[in-house]
Structure formats: C-alpha cells, structure tokens
Amino acid sequence: MAKYVIQSKRGAPPRGAYSQGWRAGDFIFVTGTGPLDPSTGNLVGDTIERQTAQTIDNISAILEADGASLHDVVKVNVHLSDTSLFSRYNSVYAERFSQPYPVRTTVGSDLGHTPGMLIEIDCIAYKTEKSGKSRPRATKKNVARRRK
C-alpha cells in the first residue's frame with residue numbers, strides 16, 4: 001500500500017506543523033481546512049456562505065492534486081464557530097456535494113486561532129489508486145526506506 005503526502009498550491013497553505021493531505025492506499029485524508037486564500041494565506045469572506053465556498057474550494061484543490069474530487073469524499077467533519085450558522089453553511093455544502101452525500105459530523109468549535117474564521121472542514125475520500133501512478137519526488141529518507 002502506497003503512502004505519501006499530497007500538496008497543492010491551489011489549496012490553503014498549512015499554518016502549522018501539518019500536511020494538506022495524505023494518500024494511504026485507496027484513502028485520501030485532507031487536513032482541517034479553512035477559508036484561506038491559497039496565494040496570500042489570508043482569510044476570505046466574512047459570511048458563512050463565502051467562507052464555506054472557499055473552504056470547499058481548498059479541499060477540492062487538495063483532492064484534485066491526487067486525481068480525486070468531491071465525488072470521492074465519503075466522510076466529512078465540519079467545525080462551525082457558531083452552530084446557529086448551520087442552515088446557511090448547509091445550503092452551500094448541499095450545492096457542492098452531490099447525493100448520495102458523504103457521512104458528516106458538524107460541531108461547534110472555538111476557531112479563535114484565526115480571528116474571523118467561521119468554518120473548518122476536514123474529510124476522507126476513497127479513490128482507487130492507479131497502478132503506475134507517478135510517486136512524489138524521492139528523498140534520501142524515502143530511498144533508504146525502499147532499500148530495506
């Protein structure tokens with residue numbers, strides 16, 4: 001089973017010690033992602049609708065970097081700064097994901113680490129890994145691991 005990191009310049013840049021995504025076999029794990037502009041790293045929008053759209057755009061970019069899409073998502077976790085925003089975020093979410101919808105958990109969370117951030121989403125996708133797919137650039141550590 002192949003395991004490697006996924007990076008996309010079109011997705012929100014990490015703001016800490018974490019990767020945007022990982023592929024492990026046929027599963028793709030996308031980190032908690034917020035409504036950040038991929039170019040500047042700045043918060044996008046001040047409404048839950050705009051922030052939800054940007055967050056899903058960022059997730060989509062990370063998935064696409066490994067040949068997957070929102071259609072491959074099977075599990076979603078959503079953190080809202082205020083659960084009273086649920087119906088408004090849900091309407092944008094329902095436009096971007098299609099039926100049958102992924103399983104989902106939505107909870108209220110303190111998102112104060114990024115002032116003004118109203119939403120954060122992470123997900124798991126399932127997409128059969130194509131044999132012969134080009135792997136990430138070899139590093140000394142990866143080469144040494146392959147030789148064992």
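We did not get these values from a lab; they are worked out from the coordinates using the rules stated. Here the structure is a predicted model, which means the values were calculated and not measured.
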message = If you take every DSSP beta bridge fully contained in the chain, what fraction is antiparallel? Give it as a percent rounded to 5.
response = 80
request  = Let me know the Rg and Dmax you get for segment 69-136 when you use only its Cα atoms, in Å.
outcome  = 14.9, 47
remark   = The number of Lys pairs in segment 3-147 whose alpha carbons lie under 15 Å apart, excluding pairs fewer than 8 residues apart on one chain, is 5
HN-Hα J in Hz across segment 100-107 - Karplus 6.51, -1.76, 1.60, θ = phi - 60°, x for Gly and Pro = x, 5, x, 5, 8, 10, 10, 9
request  = Go ahead and estimate [θ] at 222 nm for the chain from helices alone: -39,500 (n - 2.57) per DSSP H run with n ≥ 4, summed, over the residue count, rounded to 500.
outcome  = -7500 deg cm²/dmol
key: Karplus-derived 3J(HN,Hα), 6.51/-1.76/1.60, for each residue of segment 109-121, Hz, glycine and proline x   = 9, 7, 9, x, 5, 10, x, x, 6, 9, 8, 9, 10
ask   = Helix 48-64 sits at what angle to the longest principal axis of the chain, using alpha carbons and giving 0 to 90 degrees rounded to 10?
value = 10
ask   = Could you list log10 I(q)/I(0) for segment 5-61 at q = 0.14, 0.28 Å⁻¹, which the Debye formula gives when each Cα is one point scatterer?
value = -0.36, -1.14
ask   = Tell me, how many Å apart are the Cα centres for segment 18-62 and for segment 86-107?
value = 15
task = Mind listing the long-range amide H neighbours of Thr33? Cut-off is under 5 Å, sequence gap 5 or more, other chains count too, H placed in the peptide plane at 1.01 Å from N.
result = Ile121, Asp122
key: Dimensionless Rg/Rh of segment 3-147 - Kirkwood Rh, Rg from C-alpha atoms   = 1.00
remark   = Applied in sequence order to segment 78-94, the curve 6.51 cos²θ - 1.76 cosθ + 1.60 (Karplus, θ = phi - 60°) yields integer Hz couplings, x standing for Gly and Pro, of 10, 10, 10, 5, 8, 5, 5, 7, 3, 5, 6, 5, 4, 5, 5, 4, 5
Relative contact order, percent, the chain [alpha-carbon distance under 8 Å, six or more residues apart] = 28
